[in-house]
Each structure stands twice: as structure tokens, then as C-alpha cells.
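The values are calculated or read from the model by the stated rules, or taken from the named source; none is laboratory data. The structure displayed is predicted, hence computed values, not measured ones. Using ideal geometry, Cβ is built from the backbone for each residue, glycine included, and neighbour counts are taken over all protein chains shown. For accessibility, only protein heavy atoms count, side chains too; no ligands or nucleic acids. Shrake-Rupley method; radii C 1.70, N 1.55, O 1.52, S 1.80 Å.
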Amino acid sequence: MSARAEHSKLTPILFMLLVVLGTTGPLAVDMYLPSFPAMATQFGASATQIQLTLTAFLLGMAAGQLLWGPLSDRLGRALPLRLGTGLFVLTSVGAALAPTLESLIAARALQGLGAAAGLVISKAIVADTTTGVRTARMFSILMTIGGVAPAVAPILGSFIAQIGGFRAVLWTLAAVAAIMCTGCLAFYKETLPLTARSSGRYLAPLRQAISRPRFVGYMIQFAFGFACMMAYVSASPFVYQNVMGLSPRLYALAFGLNALGLIAAGFTSARLATRVPLRRTISVALSVMLGASLLLLILVLLGVRSLALAAVIFILVASIGFTTGNTTGLALAEVREVSGSGSALLGAAQFAVGAMATPLVGMSGENSALGLAVVLLCCAAVSFAALIYTADRFHPDSAGLTLPARS
């Protein structure tokens, strides 16, 4: 047994903390989405300008991955985790107090930088405390539980906004960030022993991870799959309310239904992990994602503005639930010795590509779903191509994960 396995154990308390770390970031993304049209009116801004508050958060998350991930490989998980969550609390308060759209965008960027610590280090903790198929299953379970946040967040955010406006939503996020920070201080015990920590140059673990071709392929597949989710998240307030004509409350319910589909897919994926090769599950899911995005584009070009669009979006979002945990497990298996940096690169690529996708969906205007359909199709196609690149025939000597035989 390795020193890392002897030192670490995924206890129930640690599992619950990982759940909190995995859900707070999605809350910060999704809770204020129903307020987008109202924010556009209050700030006198366009849809694209309001979406920049989301883009800034995602860019902060991307940069934060590259900061906290390598730090956690060098210093252990505890110190960077506590510093990052503390920053998250302070910047959440700053976002709630921001007097202008420009200052809100700046605060959201720093908020993403702090929130990144919880996301990137929680993945590394899973790699510290599990091995083999159990790693992929744990990622699927945690990411699926994290999917509850998108289901609840818009409904909760809509309710809070009706009472106190979008600033009340931002204050709620600050309170949630404080709870997460308190949990890290009170309950987390180091899972990375001194003997397993990296040394030498700061960027060496990043270079080591990026030198693995199959890891890079999984990273690209993961990032563009996530970009599909972020494109949908960013465009959904306008597509559901302005294009389909739903009220803010019905939009929140529709968003929650999509999240429940994502959750169900994630739990199903976790159950399949021990019986079906992970690559086969991902291949089928990406095929569905690609087909659904093509169908959505056709419907938009035909001028369809009904709930038929919502049905296709539901299928597309659910397909993502079969890919995220499995791809994360396969990717980190390629770089287990530097899992913090590997997780950082996954997260940085994920949020950087997601940040590029979010403003693009608004290019067709507030009353059109064309931008969303085009971005979804392009991202799904790149994700599918990247999965093909990771096939054994291209990288026969790659380490891989001890799983049921790859397809």
C-alpha cells in the first residue's frame, strides 16, 4: 500500500465537506441567473454586458485553478484551501456591495479566484483518498450531488430576488461562502502527507501533467463539455424567458428540471462505472450531446420558439451528467502523482473555455437562441473529437486507469 493510501481515508465527515466544496461554486454561478433581465434593466446594460459578470467569475475560477492546485501539491491541501475559501468570503461581500456593473464584474472575478480553491482541492482530495474505479465513482457521485445546487439555486434565487432584489441574492451567497470557510477550518484534516508533496520549481508539476498526451485529450474533452453547460447556463435566462415566453418562476422550475435530469444521469453513470467501461459511457453520451445540439440548431433555424426547444435542451444537459465524473477520473488517473496540478489544469481549461462560451451565446441578441445553438454544436463537436484522440490506438503506452477493459 502506498504512503498516500496509508495516510488518507475518505471519512463521512470529509465526504460531507467535499459535497459543500462542490456545491458552493455552482450556487455562485446559478443563484443570480433569474435576475439577469432585471439587472440589465437596472444597470442599463445589454445581455452580453450582464453575462460578463458570469464570464468574470469563470475567468477567476480558471486562474484560481492554476494558483491553488500546484500550491496544494507543494504545501498540502489544508493551507491553500483555507486561504482560498477566506478570499471567497471577502469577495462575496464585495460583490454584494458593488455600486456599479464594472465593480461587480471585478468583484466577481476575485470571487471566482477564491472559489476555485474549493473546487480544485476537493478533486485532489478525492485522488488522495481513493483509487481505481472508486475514484471515478466518487467523482460521479460528488458531481451529481453538486448538481442539486443548480436545481435549487435558480428557484431560491428567484424567491430571494422577489423579496430583496439581486443584491439580496449576492448577500445570501456571501453567507453560504462563510459556512463553507467555517467547515474547512473546523473539519478538514490534511490528506496529503509530506512524503507525497512535490518539490522543485513551482510549475514543474503542471509541466509534468501537461506532457501526458492522453491527459491533454481528456482535459480538452472535459473543458468543451463543460462549455456546453456554461453556454446553456448563460443563455438560459434569455432563451427561456424572452424566446419561449416563460415567467422568472417558470424559468427557475425549468432550470431545476434540467438539473434534476443532470443529477439522475450522474447517479446512473456512477452505478454503471463498475459494469460498463467508462469510455463507452462517455462515447454514447457525447453522441447524444452532439445529436441534440444539431437538432437544436435546426429547430432554431426553422423559427421554433416553443417548449420543443426546452425538451431538446433537457436531453443535452442530461447527457453531460454521463461525462463529467467519468472524464475526471480517467484524466486524473493519468497524472495521479501530481493530482493537484492535474486537477488545476482540468479546472483552468474548464472555466477558461466556459468563460469564452458565455458571451458568445448573446451575440444573436436577447430574443434569439441562435447563438446558443451554434456554440453548443461547436463545443460538442470539439469534445467528441478530443475523446477520439484519447483512444488506445493513438496512445498505446499511456498509463490509464485500472478499469473494465476500455472500448
Worksheet item: Within the set of pairs 6+ apart or on separate chains, which have a first residue in segment 88-104 that is farther than 14 Å from A175 by Cα, a second that is polar (S, T, N, Q), and C-beta atoms under 6 Å apart?
Response: L104/T53
Worksheet item: Name the pairs whose Cβ atoms lie under 9 Å apart, with the first residue in segment 34-56 and closer than 18 Å to A153 by Cβ, the second of a type outside the set (F, W, Y) and in a loop (DSSP other than H, G, I, E, B), and 6 or more positions between them or separate chains?
Response: P37/E366; M39/A45; I50/G362; Q51/V361; Q51/G362
Discussion item. Just to verify a result, which residue in segment 326-340, among those that are modelled with pLDDT of 80 or more and either among the hydroxyl-bearing types (S, T, Y) or in a helix (DSSP H, G or I) (or both), is nearest to G76 (Cα to Cα)?
Written reply: L332
Worksheet item: Within segment 196-207, restricting attention to residues that are touching a helix residue (DSSP H, G or I) at 6+ places or on another chain (Cβ under 8 Å) and open to solvent by 70 Å² or more (accessible area, probe 1.4 Å), which residue is nearest to T390 (Cα to Cα)?
Response: L203
Fill in: Any chance V317 is touching a residue at least 12 places away in the same chain (Cβ under 8 Å), open to solvent by 30 Å² or more (accessible area, probe 1.4 Å) and part of a helix (DSSP H, G or I)
no
Response to the item:
Taking segment 180-196 and keeping residues among the aliphatic types (A, V, I, L, M) and under 22 Å from the mean Cα position of the chain (by Cα) leaves M180
Discussion item. Anything in segment 31-73 that is more than 30 Å from A124 (Cα to Cα), part of a helix (DSSP H, G or I) and of a type in the set (S, T, Y)? List them, or say none.
Written reply: S35, T41, T48
Fill in: Set G84, G25: member being within 28 Å of A168 (Cα to Cα) and free of Cβ contacts under 8 Å to residues at least 60 places away in the same chain
G84
Worksheet item: Limited to segment 268-291, what total is found for residues that are in contact with a helix residue (DSSP H, G or I) (Cβ under 6 Å, 6 or more places away or on another chain), touching a residue at least 60 places away in the same chain (Cβ under 8 Å) and crowded, with 16+ Cβ neighbours inside 10 Å?
Response: 8
Practice prompt. Evaluate segment 63-70: report whether one residue or more is in contact (Cβ under 8 Å) with a residue 60 or more places away in the chain, open to solvent by 10 Å² or more (accessible area, probe 1.4 Å) and either in contact with a Gly (Cβ under 7 Å, 6 or more places away or on another chain) or among the acidic types (D, E) (or both).
Written response: yes
Worksheet item: What helices (runs of 4 or more DSSP H) lie completely within segment 112-226 and have 1 or more residues being at pLDDT 85 or above?
Response: 148-187, 204-210
Fill in: Residues satisfying the stated conditions in segment 169-195, i.e. touching a helix residue (DSSP H, G or I) at 6+ places or on another chain (Cβ under 7 Å) and open to solvent by 30 Å² or more (accessible area, probe 1.4 Å)
W171, T172, V176, A178, L185, F187, E190, T195
Response to the item:
A405 passes all but one of the listed conditions (1) modelled with pLDDT under 85; (2) of a type outside the set (D, E); (3) under 19 Å from the mean Cα position of the chain (by Cα); (4) under 19 Å from S283 (Cβ atoms); the exception is number (3)
